[in-house]
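Before any comments, here is the structure.
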Amino acid sequence: MAGADARTDAQEERRNRLRELVTNRGFVRTAELATEFGVSVMTIHRDLDALQAQGWLRKVRGGASCLPSTQFHGSASERMTTMVQTKQLLARAAATELAPGQVVMIDDSTTCLSLVRHLADHTPITAISNSLPAITALAREPGVALIALGGTYFPAYDAFMGAHTAQSVQSFRADVLFMSTTAVTGGRCYHMSPETVQVKRAMMAAAARRVLIIDHTKFANQGLYALAPLTDFDLVLVDDAAPAAEVRRLRDSGVQVRTVAGSPAALRSHDAT
C-alpha cells in the first residue's frame, strides 16, 4: 500500500511539473520530457492525456502545447484576458434580461463571469453557479442568495464539473440560464470536454429561459463534443463583429439573435475601410 501511495504521489508531482513546464515554455516535446523526468515515453503520453482532459494543454504531434488555437482555447486564467471589452459589452446587454426576484443560473464561462457584477443591481436575486470565481464574487453580495454547485473541481476551468455537478443541477429550477460556448459550427454549440457538456445540458434542462452569450471568435473556434443546436436557446446575444452570413443563417433557421453594437473588433474593421 505504501508503495502504491508513493507512486501516486510521484505521478501527481510529475504532472504538476509537466503543467508548469508547458505553461512556461508554450510547447514541450514528448521525447525530451521522458528524458528529463527519467520515465518512458508512454508514461509521458499518459500524463499528457490526463492534463489534456483537465483542460491544461492540448497534445500535438511530438509533444504538447498550451498556446491558444482553433482547437484549444486556454485555461480559465488565459481566457480571462481575451476579448475583455467585448465580454463586458455583451454582459451589459445580457443584464437587461435580469429582474429582481429571479432565480438565475450562470455557467462557468469567462464570458458570463462578466455578467456577475450586474446581479447586484437587480437584487433580491438568487444565483446558482458552478464557477468558482462567480461563487467567490457573489458570496460578498448581501442581496444575492447564492447556491454553489459542487462536484469535482477542474483547476483549468476554475469550476466544478462532471456527473456530481450535473446531478446537483437537477435539484433546482431557474427562471433564466446565462451560458456561453467554446465554438459554434453549423448552428450548433461545441465544447472540448464531455464533463462540460454534461453540466451544461443539465443546466439547460433546469432553466425556463435560456440565453446564450457569444463573441464573434466562437464562429472560428472548433470543439469536439456537441452540446445543442442554437435553436434550443430563447435568445442568442452576439457582438456586431460576428460574420454577417453566420448571423443571417442563424436567423433564417429560427434562432432569435440580438446583435450588440460597439464591439472593438467591429470598430477597427470599420476604421480600416
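The single condition from (1) free of Cβ contacts under 8 Å to residues at least 60 places away in the same chain; (2) part of a strand (DSSP E or B); (3) not aromatic (F, W, Y) that V184 fails is (1).
Just one residue in the set D5, D47 is under 30 Å from T196 (Cβ atoms), acidic (D, E) and either surrounded by fewer than 17 Cβ atoms within 10 Å (Cβ to Cβ) or modelled with pLDDT of 80 or more (or both); that residue is D47.
One residue stands out in region 64-101 among those that are in a loop (DSSP other than H, G, I, E, B), modelled with pLDDT of 50 or more and hydrophobic (A, V, I, L, M, F, W, C): the one that is surrounded by the fewest Cβ atoms within 10 Å (Cβ to Cβ), namely A99.
Taken over region 168-215, the criterion of being farther than 14 Å from L230 by Cα, open to solvent by 10 Å² or more (accessible area, probe 1.4 Å) and touching a Gly at 6+ places or on another chain (Cβ under 8 Å) is satisfied by S168, M192, E195, Q198.
Whether any residue in region 27-42 is in contact with a Ser or Thr (Cβ under 6 Å, 6 or more places away or on another chain) and outside any helix (DSSP H, G or I) is what I want to check. Yes; the residues of region 27-42 include at least one that is in contact with a Ser or Thr (Cβ under 6 Å, 6 or more places away or on another chain) and outside any helix (DSSP H, G or I). Within region 226-250, the set of residues being under 25 Å from M203 (Cα atoms) and assigned to a loop (DSSP other than H, G, I, E, B) comprises F233, D234.
The values are calculated or read from the model by the stated rules, or taken from the named source; none is laboratory data. Just so you know, these numbers come straight off a predicted model, no measurement behind them. Neighbour counts are summed over all protein chains in view; Cβ atoms, including those assigned to glycine, are modelled from backbone coordinates with ideal geometry. The protein model used for the area step is the full one, side chains on, heavy atoms only, and it has no ligands, DNA or RNA in it. Shrake-Rupley method; radii C 1.70, N 1.55, O 1.52, S 1.80 Å.
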